[in-house]
Amino acid sequence: MGEYAKPRRANVIAPPDPEVFPVHAGKRFLVSGATGGIGAAVAGLLVRQGAAVALADLDDVATRTLADHLDGASAGVHPVPLDLTDPESIAAAAERAVALLGGLDGLANVAGIVRMASAADHTRDLWADQFEINVMGPFELARRVAAHLIEEGRPGMIVNVSSDAGKQGHAEMIGYNASKAAVINWTRGAAKEWAQYSINVNCVCPSAVDTPMLRQVALDHEQGTPDDLETIFGVMAPEQLGRLVTAAEVAAVISFLLQDSVQAIRGQAINVDGGNCPY
Ligand SMILES: NC(=O)c1ccc[n+]([C@@H]2O[C@H](COP(=O)([O-])OP(=O)(O)OC[C@H]3O[C@@H](n4cnc5c(N)ncnc54)[C@H](O)[C@@H]3O)[C@@H](O)[C@H]2O)c1
């Protein structure tokens, strides 16, 4: 009865428009998935907060365009090619970021993919793709950044992007769910191992963020229902929030977790999901 009495989406909470302060002045970060919905929001926010940023993504043209849009080298913003399926590309991206920025203070490990298919149709190829790009690639990138920090004897911050799917699991995305659960788990292990080098590792677990990835998921849902996209987005919006989460809201939490002052939060999986997941 209590569930039935809930006020359904009557209470839409508007996205905030917070002031930006130079909390990352002098810092240098590598952002993967930098031209995607969340990645671009993270990169833009870090730059506005005073950081120099290497933008790493698969799409070379999009990465260069975004770097220009963020005022390029004069603002300390550099495009870096990255293919998370290729260990050599990952090593080269980390090296290039270090060379361009004169070192690194942290990593926002944002890139990822989702492949929608029922569990019965979830072939080995789909599992392999998602584990390569969501788990092995980001871990390899973090390992390279950590190796640089350890070699330099410098503290650093790593923030991975998991998902509420990694905690709750959603239908039609069983490989994605498992890959994001793996991110939560390796975040904990890396935090334990790298604490001795003053490297802090956390992850965020967003849900229903208005980005190209969510649009792809909504289009896939559209195939199986008579509902239009607007209705599907309405259903996906977290109930407490009454709207989709914005990329800027996720970026704000990632930026917070990249701050030096965040030392007591370690190895955590922080929900940015409008209240979807209770743990
Ligand atoms: N949008 C959501 O609702 C949502 C919810 C939970 C978690 N996430 C996670 O947030 C992260 C960002 O997602 P988004 O919503 O911004 O999606 P997006 O599709 O807009 O961005 C993903 C980015 O990853 C890049 N990428 C894909 N394959 C790559 C590869 N092989 N090498 C390098 N880069 C590659 C893409 O080029 C793209 O720029 C992902 O890890 C995703 O799983 C998103």
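Taking 234, 169, 76 in turn, the Gaussian network model of the chain (Cα-Cα springs below 10 Å) assigns the largest fluctuation to 234.
A viscosity of 1.002 mPa s and a temperature of 20 °C, combined with the Kirkwood radius over C-alpha pairs in the Stokes-Einstein formula, give the stretch 67-141 a diffusion coefficient of 151 µm²/s. The residues of the chain present an accessible area of 47 Å² per residue when probed at 1.4 Å with all protein chains retained.
Counting charges near residue 279 (Lys, Arg +1; Asp, Glu -1) among other residues having Cβ under 15 Å from its Cβ returns a value of +1.
Mean separation of Cα pairs under 8 Å and 6 or more residues apart, divided by the residue count, gives the chain a relative contact order of 20 percent. Against the chain, whose longest principal axis comes from its Cα atoms, helix 174-194 is set at around 40 degrees.
Compared with the dominant principal axis of the Cα atoms in the chain, helix 212-224 is inclined by about 30°. Within the stretch 96-127, list the residues whose amide N lies under 15 Å from a label point set 7 Å along Cα→Cβ of residue 195. Correct set: none at all.
When its C-alpha radius of gyration is set against 2.2 N^0.38 Å (N residues), the chain gives a value of 0.99. The region of the chain that goes longest without hitting one of the trypsin sites (Lys or Arg not before Pro) in a DSSP loop, each with at most 16 other Cβ atoms within 10 Å, is 10-265. Diagonalising the gyration tensor over the Cα atoms of the stretch 1-127 and scaling each eigenvalue by 5 before taking the square root yields semi-axes of 32, 25, 12 Å, largest first.
Using 0.36 nm per residue and subtracting the Cα-Cα separation, the extra length available between residue 74 and residue 95 on full extension is 5.5 nm. Measure out, as a whole number of angstrom, how far apart the alpha-carbon centroids of the stretch 142-178 and the stretch 181-200 sit. One Cα centre to the other: 9 Å.
Under 15 Å from the Cβ of residue 63, count the other residues' Cβ atoms, weight Lys and Arg +1, Asp and Glu -1, and hand me the total.
Numbers: positive: 64, 96; negative: 57, 59, 60, 68, 71, 83.
So the surrounding residues net to -4.
Note on the chain: GNM, Cα springs under 10 Å; of 71, 83, 57, the largest mean-square fluctuation is that of 71.
Counting protein heavy atoms only, the stretch 130-258 has 54 percent of its accessible area on carbon and sulfur, 1.4 angstrom probe.
Taken about its Cα centre, the chain carries a charge dipole of roughly 860 debye when the Cβ of each Lys and Arg holds +1 and the Cβ of each Asp and Glu holds -1. Cα axis of helix 37-48 to longest principal axis of the chain: angle in degrees, 0 to 90, nearest 10? With rounding to tens, the tilt is 40 degrees.
Seen from residue 221, the other residues with C-beta closer than 10 Å to its C-beta sum to a net charge of -4, counting Lys and Arg as +1 and Asp and Glu as -1. Length available on full extension from residue 25 to residue 125: 0.36 nm per residue minus the Cα-Cα distance, which gives 31.7 nm. For the stretch 115-255, the relative contact order works out to 24 percent when only alpha carbon pairs closer than 8 Å and six or more residues apart are counted.
The values are calculated or read from the model by the stated rules, or taken from the named source; none is laboratory data. Since the model is a prediction, treat every value here as computed from it, not as a measurement. All Cβ positions, even for glycine, are placed from backbone atoms using ideal geometry, and neighbour counts span all protein chains on display. All accessible areas refer to the heavy atoms of the entire protein, side chains included, with ligands and DNA or RNA removed. Shrake-Rupley method; radii C 1.70, N 1.55, O 1.52, S 1.80 Å.
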